[in-house]
Amino acid sequence: AHLAALVLARGGSKGIPLKNIKLLAGVPLIGWVLRAASDAGVFHSIWVSTDHDEIEKVAKQFGAQVHRRSPEVSQDSSTSLEAIREFLNHHHEVDIVGNIQATSPCLHPSDLIKVADLIQKEGFDSVFSVVRRHQFRWSEVKKGENKTTEPQNLNPAKRYRRQDWPGELYENGSFYFAKRHLIEKGYLQGGKMAYYEMRAEHSVDIDIDIDWPIAEQRVLSFGYFGKEPLKEVKLLVCSIDGCLTNGRIYVTEDEKEMVSYDYRDIVGIDLLKRRGIEVRLISERDCAKTLSAMKLGCIAKVSATNKLQVLEDWKKDMGLSWKEVAYLGNEESDAECLKKAGMSGVPADACTIAQKAAGYICKSNGGCGAVREFAEHIFLLLEKVNSARKQ
């Protein structure tokens with residue numbers, strides 16, 4: 001049976017414009033679930049249903065195919081079921097749809113693998129995600145009603161302690177898997193049904209956790225970052241032009257070159273060094289005099305015609321694995337380094353090819369605090385590494 005992952009990502013949003021591709025912890029929101037779906041390895045195809053060109057562009061960057069949904073199912077009043085049924089009408093090869101919500105960035109491949117087994121091997125017609133909550137419910141009393149509230153799931157005379165009460169299961173909206181015959185009848189849940197209980201810390205819903213900084217902290221703590229476990233970063237290599245500087249070169253009348261940099265980035269480099277992380281710089285042009293004037297105290301390679309080879313040599317000399325190397329670049333010449341490094345980033349104004357290759361896109365432009373921002377991102381991920389070690 002052809003199992004397709006389908007992410008619905010309409011361009012319109014009542015709360016946050018183009019929310020589905022807004023950067024969350026340096027990754028477009030939709031990218032988190034597409035990465036999890038791809039690494040799960042259980043889908044015959046992965047699709048994004050959208051009506052927007054920019055969302056289509058991001059979806060393809062993460063390896064998804066795109067179904068251009070019609071205006072009829074792209075309205076504020078359109079339902080998920082209507083969009084899924086339209087998708088099936090155009091893709092007759094699909095037998096089972098795994099509808100994954102773009103707003104669930106802490107989804108992990110392990111969850112999707114288990115759900116695929118439930119619906120493909122154990123014969124369930126539909127499977128949906130739930131989370132366990134320990135919340136006491138009371139009846140609502142509307143204004144003007146002459147009555148008192150009543151307990152719904154507890155006895156006030158004998159309140160449960162949390163550890164003595166199993167709690168209740170609630171849909172968390174992360175995914176809904178269903179077979180074609182159910183969807184064609186107008187159901188996402190039906191037939192032989194099963195729920196899949198997700199861990200509470202993975203049940204992050206951006207529609208609810210609308211405070212973006214809080215959601216970013218949750219993702220950095222509990223999100224899925226790739227197949228290989230994170231390792232402590234030992235080396236950061238930063239491209240000089242366009243990352244440490246804004247890429248502009250000022251030429252005086254006596255033909256001397258000048259560049260500008262942001263002091264915040266110098267502080268970021270200093271903070272990295274204090275954490276025991278080696279910082280090295282790289283440039284395609286000869287800017288040795290500029291570096292000398294900046295007095296950063298970093299090993300640098302200028303006039304580098306092959307950045308990847310330089311990075312390979314540094315990695316080998318330090319006895320590091322790729323997972324222990326971070327790279328900040330901004331040009332097409334940085335793309336291969338960005339792909340190889342265990343942690344990679346680009347400034348907000350980096351070229352499209354570099355952005356596509358990077359794991360993190362800064363909010364700051366090159367020469368305007370991007371190095372400091374990427375340093376902070378490294379520190380947050382190191383906290384995640386240390387937390388995993390303790391566990």
Scanning region 172-191 for residues that are surrounded by fewer than 14 Cβ atoms within 10 Å (Cβ to Cβ) and either touching a residue at least 60 places away in the same chain (Cβ under 8 Å) or in a strand (DSSP E or B) (or both) gives Glu184, Gly186
Inspect all residues belonging to region 301-310 and state whether any of them is of a type in the set (Ser, Thr, Tyr) and either within 29 Å of Lys384 (Cβ to Cβ) or open to solvent by less than 50 Å² (accessible area, probe 1.4 Å) (or both).
-> no
Filter result for Thr290 (polar (S, T, N, Q) and crowded, with 19+ Cβ neighbours inside 10 Å) | yes
Hey, could you check region 1-22 for residues that are among the hydrophobic types (A, V, I, L, M, F, W, C) and in contact with a Phe, Trp or Tyr (Cβ under 9 Å, 6 or more places away or on another chain) and say which is nearest to Cys106 (Cα to Cα)?
-> Val7
With (1) open to solvent by 30 Å² or more (accessible area, probe 1.4 Å); (2) out of contact with any Pro (no Cβ under 6 Å at 6 or more places or on another chain); (3) part of a helix (DSSP H, G or I) as the list, and Asp39 as the residue in question, which single condition is left unmet?
-> (2)
Members of region 325-354 that are crowded, with 19+ Cβ neighbours inside 10 Å and part of a helix (DSSP H, G or I) = Ser333, Asp334, Ala335, Cys337, Leu338, Ala354
Name the residues in region 99-155 that are in a loop (DSSP other than H, G, I, E, B) and of a type in the set (Ser, Thr, Tyr), would you?
-> Thr103, Ser104, Ser139, Thr148, Thr149
Lone unmet requirement of (1) open to solvent by less than 30 Å² (accessible area, probe 1.4 Å); (2) closer than 17 Å to Leu244 by Cβ; (3) touching a residue at least 24 places away in the same chain (Cβ under 8 Å) for Phe379 | (2)
From Leu291, Leu271, residue being among the aliphatic types (A, V, I, L, M), touching a strand residue (DSSP E or B) at 6+ places or on another chain (Cβ under 6 Å) and either under 29 Å from Val58 (Cβ atoms) or assigned to a helix (DSSP H, G or I) (or both) = Leu291
Among the listed residues Glu72, Glu86, which satisfies the condition of being open to solvent by 60 Å² or more (accessible area, probe 1.4 Å), part of a helix (DSSP H, G or I) and over 30 Å from Leu220 (Cβ atoms)?
-> Glu72
Yes/no for Leu272 being at pLDDT 90 or above, of a type in the set (A, V, I, L, M, F, W, C) and closer than 29 Å to Glu324 by Cβ | yes
Under the condition of being touching a Ser or Thr at 6+ places or on another chain (Cβ under 9 Å) and among the charged types (D, E, K, R), which residue from region 58-82 is farthest from Ala335 (Cα to Cα)?
-> Glu72
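The values are calculated or read from the model by the stated rules, or taken from the named source; none is laboratory data. All of these numbers come straight from a predicted model, not from anything done at the bench. Don't worry about glycine lacking a Cβ; one is built from the backbone with ideal geometry, like all the others, and counts go over all protein chains shown. Calculation scope for accessible area: heavy atoms of the full protein, side chains included, ligands and nucleic acids excluded. Shrake-Rupley method; radii C 1.70, N 1.55, O 1.52, S 1.80 Å.
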